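Contents: one structure, followed by commentary.
The values are calculated or read from the model by the stated rules, or taken from the named source; none is laboratory data. Just so we're clear, the structure is a prediction, and the values are computed from it rather than from any experiment. Quick reminder, even Gly has a Cβ in these numbers, built from the backbone with ideal geometry, and neighbours come from all protein chains shown. Heads up: the accessible areas ignore ligands, DNA and RNA and are worked out on the full protein's heavy atoms, side chains in. Shrake-Rupley method; radii C 1.70, N 1.55, O 1.52, S 1.80 Å.
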Amino acid sequence: MRGETVITADPAGLTVREDGRRTVLEPSGDWLVDTVGVQDAAIRAVEENSEPGDIVIDLDGLGRIDTAGAYLLGRATRRCSEPDGDIHYRGDHPTARRLIEEVRSRTTICQPEREPVFGFMGAMARIGAGLEAAWLEAVSTMAFFGRTVTTGLRMAAQPWRFRLTPTVWAMEEVGVNALPIIAVLSFFIGAVVAYMGANLLRSVGFSVFTVELVGIAVLREFGVLITAIMLAGRSDSAFTASIGAMKMQQEIDAMRVLGLDPYEALVMPRVVACVLMAPLLTFGAMISGIFGGMLVAWSAQDISPTLFITRFHSELDWSHFWVGMSKAPVFGLVVAIIGCRQGMEVRGDVESLGRRVTASVVQSIFAVIVLEALFAMMYLELGI
């Protein structure tokens, strides 16, 4: 862009001139939403024909300006490495520079859509993008976990900051209200295990070992696993939805303005409730699953409840019970962390809320299954 080009409009005007290697924009008059439309072509020409780092905005002749005018002027320097640096401004105006910086910080320029790539390279690109997203999710979850731990330690050092009422409410929602469905599911799981074991063991003449099969399966694995999956599907989605709804309605921002820590008020009560109630729910699931297995053994193999209970106590070690119970607090902690973190990530639209609720349930179940496999390998190596 060489020479001097003057573009005028009533009441807004713009002069674009060359000052050595620098392109100087000299806006004049009022740059308001109803007057700046005619300047779009001139700003676009400056963007296309000038180097981003050589653009300077002279504010001396500028009159009134609103967000529309600030956006249009700020667009000229948006591609610069430091768009708000002093080298891009001349002159003085009471509000223009601050308004340009504020508008730029609150607007996002969408990149043009790329042509879809098919074939092998397209598949590799999608796989890479998925792996990158999974890695970023894992890092964000660990960061959220660290923030929650530090909040918990601070509350342990200052017990008066602990919120008992929301914690008790969360314990009721997580524990008491979830117990019936968990007990019913565990009952049928125990019944299915006993029924399948009865058919298999009857064929080799060891029907009585159905007691050990039901006991070990329910105590070590199925009781705690069903509890964790139900927490992930029921309570975890509720955590994400409730915190996400508060995020959409800017209630969490209001809490910060009032000096309240959302981690103390929203996250810690739910985490504590899950950690405390998960073992109790697991115990209820164990009792229900064993009862279901006992009824099937009684009806299908004529193993009386007395024989079932006697053999259960005599042949099964307490270690099976403690193995299952030791997993419960860990699963409860993981489910609560993922649910609360996804709720905090909700943006201002319903679509974001739906995506986060789905991601919360999927990630929680995935994490529970992975942890279950790690626990199984660990206890196998320890010989427990």
Per the helix-only model, the chain has a calculated mean residue ellipticity at 222 nm (DSSP H runs of ≥4, -39500 (n - 2.57) each, divided over all residues, rounded to the nearest 500) of -21000 deg cm²/dmol
Is there a quick way to get the dipole size of the chain? I mean about its Cα centre, with the Cβ of Lys and Arg at +1 and of Asp and Glu at -1; what is the value in debye to the nearest 20?
1200 debye
Per residue, how much accessible surface does the range 258-372 expose to a 1.4 Å probe? Answer in Å², no decimals.
43 Å²
Protection proxy ranking of 364-370, 344-350 - average other beta-carbon atoms within 10 Å, highest first
364-370, 344-350
Counting pairwise Cα distances across the range 265-384, what percent come out greater than 22 angstrom?
53 percent
Accessible surface of Asp302 in the full protein assembly, 1.4 angstrom probe, to the nearest 10 Å²?
130 Å²
If I fit a long axis through the Cα atoms of helix 305-315 and take the longest principal axis of the Cα atoms of the chain, what angle between them do I get, 0 to 90°, rounded to 10?
70 degrees
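In the chain, carbon and sulfur make up what percent of the accessible area (probe 1.4 Å)?
Of all accessible area on the chain, carbon and sulfur atoms account for 65 percent.
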With charges set only on the Cβ (+1 for Lys and Arg, -1 for Asp and Glu), what does the dipole of the range 186-331 come to about its Cα centre, in debye to the nearest 20?
160 debye
Just Val272, Val24, Val224 to compare: in a GNM of the chain, with alpha carbon springs under 10 Å, which one fluctuates most?
Val24
For the range 18-145, what does the relative contact order come out to in percent, with C-alpha contacts under 8 Å and a separation of six or more?
24 percent
Most mobile of Gly130, Gly69, Gly354 per a Gaussian network model of the chain (Cα springs, under 10 Å)?
Gly69
If contacts are Cα pairs under 8 angstrom and at least 6 residues apart, what is the relative contact order of the range 129-248 in percent?
23 percent
Angle check, please: helix 318-344 long axis (alpha carbons) against the longest principal axis of the chain (alpha carbons), in degrees 0 to 90, nearest 10.
20 degrees
Can you tell me the convex hull volume per residue for the range 164-287, based on C-alpha atoms, in Å³ to the nearest whole number?
87 Å³
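Could you tell me the relative contact order of the chain? Use alpha-carbon pairs under 8 Å, at least six residues apart, and round to a whole percent.
Over the chain, the number comes to 16 percent.
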May I ask which residue of Leu260, Val361, Val103 lies farthest towards the positive end of the charge dipole of the chain, with charges of +1 (Lys, Arg) and -1 (Asp, Glu) on Cβ and the Cα centre as origin?
Val361
How many percent of DSSP beta bridges within the chain run antiparallel, rounded to 5?
65 percent
Among Ala170, Ala217, Ala373, whose mean-square fluctuation peaks in a Gaussian network model of the chain (Cα, cutoff 10 Å)?
Ala373
Given charges of +1 on the Cβ of Lys and Arg and -1 on the Cβ of Asp and Glu, with all other atoms neutral, how large is the dipole of the range 201-266 about its Cα centre, in debye to the nearest 20?
320 debye
For the chain, list log₁₀ I(q)/I(0) at each q in 0.08, 0.12 Å⁻¹, using the Debye formula over Cα point scatterers of equal strength and ignoring solvent, two decimals each.
-0.65, -0.99
Per-residue accessible area, 1.4 Å probe, largest first, puts Phe283, Phe331 in the order Phe283, Phe331
Gyration tensor over alpha-carbon atoms, the range 91-178, equivalent ellipsoid semi-axes in Å
41, 31, 14
